[in-house]
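For reference, the structure discussed in these notes is given below.
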Amino acid sequence: MFALLAALCNAVSVLTRHVASTADPDRPTGLRLAGYLLRNPRWLAGSGAQVGAFAFQALALQFGQVSVVQPLLVTELVMALVLRRVFIHQEVARAAWAGAAAACAGLAVFIVAAEPRGGHDGPTSSHWTAAIVASLAVVAALITLARGGSPARRAALYGAAGGITWALEATFIKSATNDLAQSGVSGLFTSWPVYAVAVGGAAGVIIEQAALQSGPLRVSQPLLTITDPIVSIALSVWLFGEYFVLNPAVLAAAAAGFLVMCGGVVLLSLTAPATVEGDVSPSGDAGTVRDEILWFPSLSTAC
């Protein structure tokens, strides 16, 4: 429930802040834009929803497994699609609805079949060190490779790096909430995870923005969205001892569900309306992408 509320809050946040930032016909920039947004009720409401998204995700990670929470956050894309249709009255291609349905169905099959369970609150220092070093090494390699090549290649590499960063951030959030639950506020700020949350969130925002700006959204968005739950599941097993039903047939069904979810995310990303102005026809022909930030897929929304 908390994971789904986090996804809903993030969808509301992105949509309302985007609408607020483009509502002024004068289109101010710089300090004028900042002043305009701070006086705009929609932008303030969107910022409040973003805070709510982080709080709900932290609660979800405190009460549940990382391998359940992070995949559920994929529903943010589906909720944003529904909000755009209901509140902005945009025409949405049938293919986008099909992608949303496939993503939800695949996600449901994965969670029901895999039945993620177990876990503990305290990873060992050696496991933390190995997981952090391995994750940072892969992220650094991807960012280095993303310095050259075509825009699509750069977007793909930055997108994968961003997904890994957000997955690692989710483990920091879970550990920090465990510290808060066990030791209170004093214990929270005397342990390292809360500071890792701040650093990891800042890094995630920077890398994700690089992914969105370096190439096509249809490349970066699916990779950002899909890499996060995949890496999160691996880290949840490695760090927190979460596990799945050890039945080959059941695991095969869970894997199939996950693949269907990934395919749905890709289809949704390719066919969703490109902007809030509704310049994508019902047949799914994409118009000019004037503002890709509307589909900012921050599944972990740590900042």
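Numbers at a glance
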quantity: Hey, G162 over 17 Å from A60 (Cβ atoms), of a type outside the set (A, V, I, L, M, F, W, C), buried (at least 22 other Cβ atoms within 10 Å of the Cβ) and in contact with an Asp or Glu (Cβ under 6 Å, 6 or more places away or on another chain) or not; calculated: yes
quantity: Residue that is modelled with the lowest pLDDT [pool: residues in region 87-126 that are assigned to a loop (DSSP other than H, G, I, E, B) and closer than 21 Å to A20 by Cα]; calculated: I88
quantity: Which numbered condition G159 fails, given (1) within 23 Å of the chain's Cα centre (by Cα); (2) under 19 Å from W238 (Cβ atoms); (3) touching a residue at least 12 places away in the same chain (Cβ under 8 Å); calculated: (2)
quantity: Residue selected from region 188-209 under the condition under 16 Å from the mean Cα position of the chain (by Cα) and modelled with pLDDT of 90 or more, by the criterion surrounded by the most Cβ atoms within 10 Å (Cβ to Cβ); calculated: G204
quantity: Any hit, region 242-265, residues being at pLDDT below 50, surrounded by fewer than 19 Cβ atoms within 10 Å (Cβ to Cβ), under 23 Å from the mean Cα position of the chain (by Cα) and part of a helix (DSSP H, G or I); calculated: no
quantity: Residues within region 182-209 that are in contact with a helix residue (DSSP H, G or I) (Cβ under 6 Å, 6 or more places away or on another chain) and aliphatic (A, V, I, L, M), tallied; calculated: 6
quantity: Qualifying residue in region 72-86 (condition: small (G, A, S), crowded, with 19+ Cβ neighbours inside 10 Å and either more than 19 Å from the chain's Cα centre (by Cα) or not in a helix (DSSP H, G or I) (or both)); calculated: no
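The values are calculated or read from the model by the stated rules, or taken from the named source; none is laboratory data. Model, not experiment: these values are computed from the prediction. Backbone-built Cβ (ideal geometry, glycine too); neighbour counts: all protein chains shown.
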